[in-house]
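Participant: Take a look at this one; I'll ask things after.
Every number here is computed from the coordinates shown, using simple stated rules; none is lab data. What you see is a predicted model; the values in this text were computed from it and never measured. Here the Cβ is made from the backbone with ideal geometry for all residues, glycine too, and neighbour counts use every protein chain on show.
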Amino acid sequence: MSRTSILIISPLAFHENVGNAGAKTVNFYTTKFIEEGCFDITICYLGDNDSDYSKMISQFSKVKIYSVFATKGLILKSYDYFRFKFLYPFLKAFSPKYYITDNFAKERLVRGINNLKLAGLNPYMIIVEFPRIIYWIDEIKTVFPESKTVASCHDVTFQSVERYFQQKHSNKYFSKIYIDQYKKMEIKHLNSFDHVVILNEKDRLLLINEPTFSVKDTYVISPFYDSYQINPVIEKKDIMYFGALGRVENVQALRWFLENVWEKLDNLFLGALKFIVVGGGLNDVTKAEFSKYNNVVLKGFVKDPTTIFSGCFCSVVPLMLGAGIKIKVLDAMKSGIPVITNNVGIEGIPGVDGLHYLHAENAHDFYQQVVKLSNDKELQKKLALGARLMVIENFNYRTSYDFYKNQLLELANKYDYAN
């Protein structure tokens with residue numbers, strides 16, 4: 001068992017052009033590990049055989065990547081459709097386990113790690129990416145009982161569950177029982193890991209302040225985010241929403257803004273203001289719904305949104321669901337786009353209202369802040385500069401990589417195993 005051998009388990013494909021924000025973070029750190037040659041990396045991929053997987057295979061051609069695809073006939077395809085469309089949503093309503101994961105993830109995980117074991121792999125460390133797989137740590141330890149384990153928590157999900165039930169469930173007694181069970185379950189599984197990695201200090205404190213949480217080696221690394229070099233010459237006359245629209249929380253936020261804020265803004269600006277929506281994943285029904293609004297431009301997924309960013313004087317982020325740090329906010333701030341957001345959007349980011357962003361909690365606030373910013377070029381410049389400097393100071397993923405690498409090397413040297 002080599003102390004530098006690491007197995008990375010991920011349900012998502014990752015590569016340099018991947019759209020998912022969490023996968024971008026996995027790609028950055030994995031790429032750096034491989035470039036420096038400090039670890040012997042193996043990847044166990046639990047997702048589908050799609051274009052992102054093909055790009056990952058191409059990028060990491062010199063790395064062993066194990067996948068667990070299965071050729072399915074009509075019966076298996078029908079069964080998968082049934083459980084994803086009907087069974088798991090039904091179970092989610094009553095069982096906390098099914099809120100974030102399911103037996104499909106477990107089946108792929110167990111098949112994958114057993115195949116790796118049969119192939120002779122015996123990793124010293126296992127990094128488990130994303131909560132969906134973290135919940136199956138017992139199955140991982142059954143196959144690799146001696147391996148040290150690292151939970152890469154992109155979110156502390158019990159906070160997301162709490163927000164969801166506060167908005168969606170009227171029975172407070174049932175909601176409290178469900179949330180409490182979920183929190184106990186999440187902490188129980190995290191306690192089985194040797195290290196827990198968090199993407200912001202707020203979430204780290206959220207965990208370590210829980211009385212039953214016991215992982216001493218819990219630390220923060222910076223998420224990866226994009227930075228676009230906006231053109232200062234282009235007139236900034238539009239506003240934007242930027243985010244993956246295959247996610248429920250992003251669609252909900254966009255729908256709320258259109259219904260409660262946009263029409264009023266559109267009337268005030270007499271059509272001179274455009275609302276640019278950047279992000280892939282909208283289904284046809286929702287796309288048709290949003291297209292009915294005047295002066296809303298649905299761009300879909302844009303590989304390089306530099307030109308769009310350059311023409312916008314702000315990004316609105318009216319999130320109500322979700323948890324963890326919002327990479328879309330860091331993307332905008334680092335690129336010099338002023339952000340208008342609420343408590344959910346700014347959490348995990350040490351931004352100060354009026355210095356790094358503008359705060360808004362309700363429709364009136366968002367409306368007023370957009371109008372205010374549109375009329376104040378100096379405030380736009382102040383927020384753009386302040387936010388950029390704040391992000392650079394607090395979220396330097398390059399120095400964070402050195403810290404993370406050293407934490408893993410320390411774990412590798414902590415126990416006296418022979419090579």
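Participant: Can you compute the label reach from Asp180? Point 7 Å from Cα along the Cβ direction, backbone N cut-off under 19 Å, restricted to the range 187-231.
Facilitator: 187-189, 210-213
Participant: Another question about this same structure. If each Cα of the range 238-394 is one equal point scatterer, what is log10 of I(q)/I(0) from the Debye formula at q = 0.13 Å⁻¹?
Facilitator: Here log10 of I(q) over I(0) equals -0.53.
Participant: A further question follows. Per residue of the range 175-186, in order, report the coupling 6.51 cos²θ - 1.76 cosθ + 1.60 (Karplus, θ = phi - 60°) as ³J(HN,Hα) in whole Hz, putting x for Gly and Pro.
Facilitator: 4, 5, 4, 4, 4, 4, 5, 5, 4, 4, 5, 4
Participant: Right, next: If contacts are Cα pairs under 8 angstrom and at least 6 residues apart, what is the relative contact order of the range 100-185 in percent? Walk me through the numbers on the way to the answer.
Facilitator: On the way: 69 pairs, mean separation 23.2, N = 86.
Relative CO of the range 100-185 lands at 27 percent.
Participant: Counting Lys and Arg as +1 and Asp and Glu as -1, each charge on the Cβ, what is the dipole of the chain about the Cα centre in debye, to the nearest 20?
Facilitator: Details: 50 positive and 44 negative charges, 126 e Å.
Approximately 600 debye in magnitude.
Participant: Mind checking the full-extension length gain between Ile234 and Asn396? Use 0.36 nm per residue of separation minus the Cα-Cα distance, one decimal, nm. Working shown, then result.
Facilitator: Values: separation 162, 0.36 × 162 = 58.32 nm, distance 2.82 nm.
Here the answer is 55.5 nm.
Participant: Using a Cα-Cα cut-off of under 23 Å, which lysines could be cross-linked to Lys62, ignoring same-chain neighbours fewer than 8 residues away?
Facilitator: Lys24, Lys32, Lys117, Lys405
Participant: Name the residue, out of Asp226, Asp50, Asp238, whose mean-square fluctuation peaks in a Gaussian network model built on the chain with Cα pairs under 10 Å.
Facilitator: Sorting by GNM fluctuation, first place goes to Asp50.
Participant: Assuming R0 = 25 Å, can you tell me the calculated FRET efficiency for the pair Ser291 and Phe269, based on Cβ-Cβ distance, to the nearest 0.05? Intermediate values should be presented prior to the final figure.
Facilitator: On the way: r = 19 Å, r/R0 = 0.77.
Efficiency for this residue pair is about 0.85.
Participant: Which FRET efficiency value, to the nearest 0.05, do you get for Ser58 and Lys299 by plugging their Cβ-Cβ distance into 1/(1 + (r/R0)^6) with R0 = 35 Å? Don't jump to the answer; show the numbers that get you there.
Facilitator: On the way: r = 26 Å, r/R0 = 0.76.
My answer for the efficiency is 0.85.
Participant: Calculate the length of the line joining the C-alpha centroid of the range 222-265 to that of the range 291-364, in whole Å.
Facilitator: Between the Cα centres of the range 222-265 and the range 291-364 lies a distance of 5 Å.
Participant: In addition: Report the GluC sites (Glu not before Pro) located in the range 225-278 that are in a DSSP loop and have at most 10 other Cβ atoms inside 10 Å of their Cβ, or state none. Each step should come with its number before you reach the end.
Facilitator: Numbers: sites: Glu235, Glu249, Glu259, Glu263; in loops: Glu235.
When the GluC sites (Glu not before Pro) of the range 225-278 are filtered for loop state and at most 10 Cβ neighbours within 10 Å, Glu235 remain.
Participant: Shifting gears a bit: Per 0.36 nm of contour for each residue apart, how much would the distance between Leu355 and Ile75 grow if the chain were fully extended, relative to their Cα-Cα spacing? Don't skip to the answer; put the middle values down first.
Facilitator: On the way: separation 280, 0.36 × 280 = 100.80 nm, distance 5.78 nm.
Contour length minus Cα-Cα distance gives 95.0 nm.
Participant: Using DSSP to define loop residues, name the GluC sites (Glu not before Pro) in the range 1-42 whose beta-carbon has at most 11 other beta-carbon atoms within 10 Å. Mind dumping the intermediate values first?
Facilitator: Numbers: sites: Glu16, Glu35, Glu36; in loops: Glu16.
When the GluC sites (Glu not before Pro) of the range 1-42 are filtered for loop state and at most 11 Cβ neighbours within 10 Å, Glu16 remain.
Participant: Below 8 Å between Cα atoms, with a sequence gap of 6+, how large is the relative contact order for the chain in percent?
Facilitator: Numbers: 680 pairs, mean separation 61.5, N = 419.
Once normalised by length, the contact order is 15 percent.
Participant: Also: Along Cα→Cβ, 7 Å out, is where each label goes; now give me the distance between the ones at Glu410 and Asn49 in nm to one decimal.
Facilitator: 4.3
Participant: Additional query: What's the center-to-center distance, using Cα atoms, between the range 141-194 and the range 63-119 in Å?
Facilitator: Cα centroid to Cα centroid, the span is 19 Å.
Participant: Out of all Cα-Cα pairs in the range 359-419, roughly what percent, to the nearest whole number, are more than 19 Å apart?
Facilitator: Values: 1124 of 1830 pairs.
Cα-Cα pairs in the range 359-419 separated by more than 19 Å: 61 percent.
Participant: Work out, in µm²/s and without decimals, the Stokes-Einstein translational diffusion coefficient of the range 113-154 at 25 °C, 0.890 mPa s, Rh from Kirkwood over C-alpha pairs.
Facilitator: Values: Rh = 10.6 Å.
After rounding, the answer is 232 µm²/s.
Participant: Follow-up question, since we're still on this one. Would you give the gap between the C-alpha center of the range 398-415 and the C-alpha center of the range 6-60, rounded to a whole Å?
Facilitator: Cα centroid of the range 398-415 versus Cα centroid of the range 6-60: 19 Å apart.
Participant: Springs between alpha-carbon pairs under 10 angstrom, Gaussian network model over the chain: which of Asn200, Asn17, Asn209 fluctuates most?
Facilitator: Asn209
Participant: Per residue of the range 382-387, in order, report the coupling 6.51 cos²θ - 1.76 cosθ + 1.60 (Karplus, θ = phi - 60°) as ³J(HN,Hα) in whole Hz, putting x for Gly and Pro.
Facilitator: Each residue of the range 382-387 in turn: 4, 5, 4, 5, x, 5 Hz.
Participant: Taking the chain as a Gaussian network, Cα atoms linked when under 10 Å apart, which of Val248, Val329, Val26 shows the biggest mean-square fluctuation?
Facilitator: Val248
Participant: Here is a follow-up. Say a paramagnetic label sat at a point 7 Å from the Cα of Glu139, along Cα to Cβ; which residues of the range 36-76 have their backbone N under 19 Å from it?
Facilitator: Residues passing the 19 Å test: 43-49, 66-72, 76.
Participant: Could you sort the peptides 99-111, 121-133 by per-residue average Cβ neighbour count (10 Å cutoff), highest mean leading?
Facilitator: Values: 99-111: 18.4, 121-133: 23.5.
Highest-to-lowest ranking by the protection proxy: 121-133, 99-111.
Participant: Another question, then. Would you please calculate the Kirkwood hydrodynamic radius of the range 305-419 over all C-alpha pairs and express it in Å, rounded to one decimal?
Facilitator: On the way: mean 1/r = 0.0635 Å⁻¹.
Result for the range 305-419, one decimal place: 15.7 Å.
Participant: Counting other Cβ atoms within 10 Å, keep those with at most 10, restrict to DSSP loop, and tell me which trypsin sites (Lys or Arg not before Pro) in the range 204-278 are left.
Facilitator: Listed in order of number, the matching sites are Lys216.
Participant: Would you mind estimating how fast the range 101-233 diffuses translationally, via Stokes-Einstein at 4 °C and 1.567 mPa s with the Kirkwood radius over Cα pairs, in µm²/s?
Facilitator: My calculation gives 78 µm²/s for D.
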